[in-house]
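Below: one structure, written as structure tokens.
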Amino acid sequence: MSNGSKHTLLMIKTQPIGEGIQKKIIHIDMDAFYASIEQRDHPEYRGKPVAVGYGEKRGVVAAASYEARKYGVHSAMPSVTALRKCPHLIFAMPRFDVYRNVSNQVMQVFHEYTRLVEPLSLDEAFLDVTVNYPGIRSATLIAKEIKQKIFNRTRLTASAGVSYNKFLAKIASDMRKPDGLFVIEPENAEAFIDKLPVTKFFGVGKVTAARMEKLGIRTGHDLKQWSEIDLAREFGKAGISYYHFARGMDDREVESERVRKSLGAEETFLDDLDEMVDILGALDQIAREVHRRAEKRKFLAKTVTLKIKYADFTLVTRSRTVDYFVNTYERLFELGKELLLQVEDFEEKKIRLLGLTLKKPDAEQALLPVDGVQLALDFDEWE
């Protein structure tokens, strides 16, 4: 009997979901994934502060081990800052081919339980196990089994969150890291959310948290005092999501095939750029790289976003949406150049980083704005 036949027989054990059936969602997040792989493969790194990335003056930390985090080192931190915080920090060169292979092992474990697996990156995913291949009724038991299988096959630990929607499962997975398992049951959700700091809410970054603090919003309970209209007025479409999250509501499905909404590339330069010829030359190379990726993936978009980070780490972005597909390198470069010239006083400052992103028309209407950092010139490793 083929493996496909086995899965067919196993699925017969389960019953179709009717309206009103409580969903069972698991969020699995590998613990310090890249750094943990380096410590696994290099025994001399174990128990020591390790950062994956480049240790040069222009380097950026891609991941930090738990030992490094105790010193305040974290991902997206400039390497020079990380070394100031932890002078004995060990830098390991990224090995994305290895990380992808391990990620495939982890994803295979997920697919042994359900077809509804939504990868968020190489090291985390949502699973809808309301209906599952083994026919196990307990999502907590499934999470325990998955954690054990991952460890048996990779010698790496993962943390799991279990709840009835994606918002709560995601928060739960972060509650007892590393190697943790946390369950938020429906009857306990309201009390849990009331006490939850808004900084833990999915989509609330530092900037949004600071705005909320000024408005007296510090916890889920504070957030729940605001009407949907007022939150939408203050935070746009994300405010509507915050309104529902504060009430434990999240109807987003676990999507087994995620639709790519954006694609881009950026580069951090070894030396700051301050000459127009050098800036345009760098923009040209980035535009070519973005176009190459878009063409490879048959990705069509109408919005272009330019990102500039100055030497003082000030960040500026400019976007433009056109009424045609940006499907040639020439169009992308010209739009990028137009956006660059719209930035006030950019010629008076030194540029540390440049980036270009293509976005589909509805990408700006995504449920939540998620702050992200891309390292070097490759976005795909992080999406």
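General observations
- Failed condition for residue 91, given (1) touching a residue at least 40 places away in the same chain (Cβ under 8 Å); (2) touching a strand residue (DSSP E or B) at 6+ places or on another chain (Cβ under 8 Å); (3) under 30 Å from residue 187 (Cα atoms); (4) of a type outside the set (A, V, I, L, M): (3)
- Hits in region 190-207 - residues which are free of Cβ contacts under 8 Å to residues at least 60 places away in the same chain, in a loop (DSSP other than H, G, I, E, B) and in contact with a Phe, Trp or Tyr (Cβ under 9 Å, 6 or more places away or on another chain): 201, 204
- Hey, residue 273 of a type in the set (A, V, I, L, M, F, W, C), crowded, with 18+ Cβ neighbours inside 10 Å, touching a Ser or Thr at 6+ places or on another chain (Cβ under 7 Å) and not assigned by TED's automatic domain parsing to the domain that holds residue 54 or not: no
- Here 146, 150, 136 are screened, and the one residue that is of a type in the set (Val, Ile, Thr), touching a helix residue (DSSP H, G or I) at 6+ places or on another chain (Cβ under 8 Å), in a loop (DSSP other than H, G, I, E, B) and surrounded by 13 or more Cβ atoms within 10 Å (Cβ to Cβ) is 136.
- Among the conditions (1) in a loop (DSSP other than H, G, I, E, B); (2) farther than 28 Å from residue 200 by Cβ; (3) polar (S, T, N, Q), the only one that residue 319 does not satisfy is (1).
- Taken over region 71-85, the residue count meeting the criterion of being of a type outside the set (Gly, Ala, Ser) and under 22 Å from the mean Cα position of the chain (by Cα) is 4.
- Pairs linking a residue in region 234-249 that is without any contact (Cβ under 8 Å) to a residue 40 or more places away in the chain to a residue that is surrounded by 15 or more Cβ atoms within 10 Å (Cβ to Cβ) and not hydrophobic (A, V, I, L, M, F, W, C), with Cβ atoms under 9 Å and 6 or more positions apart or on different chains, are 235/208; 235/241; 235/242; 236/369; 243/224; 244/250.
- Look at (1) touching a helix residue (DSSP H, G or I) at 6+ places or on another chain (Cβ under 8 Å); (2) buried (at least 17 other Cβ atoms within 10 Å of the Cβ); (3) at pLDDT 95 or above and you find that residue 170 fails only one, number (1).
- Restricted to region 301-319, and to residues there that are without any contact (Cβ under 8 Å) to a residue 40 or more places away in the chain and β-branched (Val, Ile, Thr), the residue that is farthest from residue 352 (Cα to Cα) is 317.
- Single residue of 116, 156 found to be touching a residue at least 40 places away in the same chain (Cβ under 8 Å), over 22 Å from residue 63 (Cβ atoms) and more than 16 Å from the chain's Cα centre (by Cα): 116
- Residue list for region 61-88, restricted to those being touching a residue at least 60 places away in the same chain (Cβ under 8 Å) and touching a Pro at 6+ places or on another chain (Cβ under 9 Å): 62, 66
- Residues satisfying the stated conditions in region 208-231, i.e. outside any helix (DSSP H, G or I), farther than 18 Å from residue 171 by Cα and not polar (S, T, N, Q): 215, 216, 217, 226
- Some residue of region 170-177 being assigned to a helix (DSSP H, G or I), touching a residue at least 24 places away in the same chain (Cβ under 8 Å) and touching a Pro at 6+ places or on another chain (Cβ under 9 Å): no
- Qualifying residue in region 48-63 (condition: at pLDDT 90 or above, assigned to a helix (DSSP H, G or I) and surrounded by 12 or more Cβ atoms within 10 Å (Cβ to Cβ)): no
The values are calculated or read from the model by the stated rules, or taken from the named source; none is laboratory data. These numbers were taken from a predicted model, which means no experiment stands behind them. Here Cβ is always computed from backbone atoms with ideal geometry, including for glycine, and neighbour counts include all displayed protein chains.
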